[in-house]
Amino acid sequence: MPVYTLPELPYDYAALAPVISPEIIELHHDKHHAAYVKGANDTLEQLAEARDKEQWGALNGLEKSLAFHLSGHILHSIYWHNMTGDGGGEPLAADGVGDLADAIAESFGSYAGFKAQLTKAAATTQGSGWGVLAYEPLSGRLVVEQVYDHQGNVGQGSVPILVFDAWEHAFYLQYRNQKVDFIDAMWAVVNWQDVARRYEAARSRADVLLLAP
């Protein structure tokens, strides 16, 4: 049976300093992300055992566990590539991300309006969660989602293209309880080239959600 694996970081632990310390990157990737990968694989094994034995008493908990761990794995896999030590600034056509810049302006009125909404969405998550920029395929527009834990409060079918991790393990060792300071600092390491590639990929497969009969 296929299993999930922990992806390698696309840079070394110190690459995002001073925005994110090497210690946080190491613990976040090697411990927290790895735990979600293990959790997803373990849950799949338990679901396979339940099918083999036709024992469904724990099904509700296992389905919830799979959603939690698998979504954690997916979001973190995007998160690492969404950042670069050479990032930041505003997405501009001159930098080869014109389609993304146009989509942001069309969907949110302006880049400033988008930035303010995603910042607030990430900084005001209650407890653990994420701020997410996603492509919504039915309308073809971009939306901001405030994700609780790893999977709650999202539109089905929307594709995350930029994610801000607002769980405490993403920032507490460096920013303490100042989540908003961490989110503000995150804009300096956004990899707009990666976000633009994800936008184009999501847009290219937008017609698969509701197929005509």
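Values as computed for the structure displayed
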item: Residue that is surrounded by the fewest Cβ atoms within 10 Å (Cβ to Cβ) [pool: residues in the stretch 70-85 that are over 13 Å from Val195 (Cβ atoms) and in contact with a helix residue (DSSP H, G or I) (Cβ under 6 Å, 6 or more places away or on another chain)]; result: Leu70
item: Scope the stretch 172-187; condition of a type outside the set (D, E, K, R) and closer than 16 Å to Leu118 by Cβ; matching residues; result: Val180, Phe182, Ile183, Ala185, Met186, Trp187
item: Filtered residues of the stretch 45-60 (kept if assigned to a helix (DSSP H, G or I), open to solvent by less than 70 Å² (accessible area, probe 1.4 Å) and farther than 30 Å from Glu8 by Cα); result: Ala50, Leu59
item: Meets criteria (over 30 Å from Asp194 (Cα atoms) and surrounded by fewer than 17 Cβ atoms within 10 Å (Cβ to Cβ)) for Ala67; result: no
item: Unique match (being among the small types (Gly, Ala, Ser), closer than 30 Å to Glu136 by Cα and more than 15 Å from the chain's Cα centre (by Cα)) among Ser77, Ser71, Ser65; result: Ser65
item: Odd one out for Ile161 among (1) more than 13 Å from the chain's Cα centre (by Cα); (2) closer than 20 Å to Ser77 by Cα; result: (1)
item: Filter pass, Arg197 being open to solvent by 10 Å² or more (accessible area, probe 1.4 Å) and closer than 24 Å to Tyr11 by Cβ; result: yes
item: Long-range neighbours under 8 Å by Cβ, at least six apart or interchain, first residue more than 20 Å from Glu63 (Cβ to Cβ) within the stretch 139-158, second of a type in the set (A, V, I, L, M, F, W, C) and part of a loop (DSSP other than H, G, I, E, B); result: Glu145/Val154
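Condition check ((1) among the hydroxyl-bearing types (Ser, Thr, Tyr); (2) under 20 Å from Val163 (Cα atoms); (3) modelled with pLDDT under 95) across all residues:
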| residue | (1), (2), (3) |
| --- | --- |
| Pro22 | no, yes, no |
| Lys31 | no, yes, no |
| Lys38 | no, no, no |
| Asn41 | no, no, no |
| Leu44 | no, no, no |
| Ala48 | no, no, no |
| Ala67 | no, yes, no |
| Ser71 | yes, yes, no |
| Ser77 | yes, yes, no |
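Rundown of residues vs (1) of a type in the set (Val, Ile, Thr); (2) surrounded by 17 or more Cβ atoms within 10 Å (Cβ to Cβ); (3) in a helix (DSSP H, G or I), yes/no style:
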residue	(1), (2), (3)
Pro2	no, no, no
Glu8	no, no, no
Tyr11	no, no, no
Ala17	no, no, no
Glu23	no, no, yes
His28	no, yes, yes
Ala35	no, no, yes
Ala40	no, yes, yes
Thr43	yes, yes, yes
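The values are calculated or read from the model by the stated rules, or taken from the named source; none is laboratory data. All values reported here derive from a predicted model rather than from experimental measurement. Here Cβ is always computed from backbone atoms with ideal geometry, including for glycine, and neighbour counts include all displayed protein chains. We work out accessible area using only protein heavy atoms, side chains counted, and drop any ligands, DNA or RNA first. Shrake-Rupley method; radii C 1.70, N 1.55, O 1.52, S 1.80 Å.
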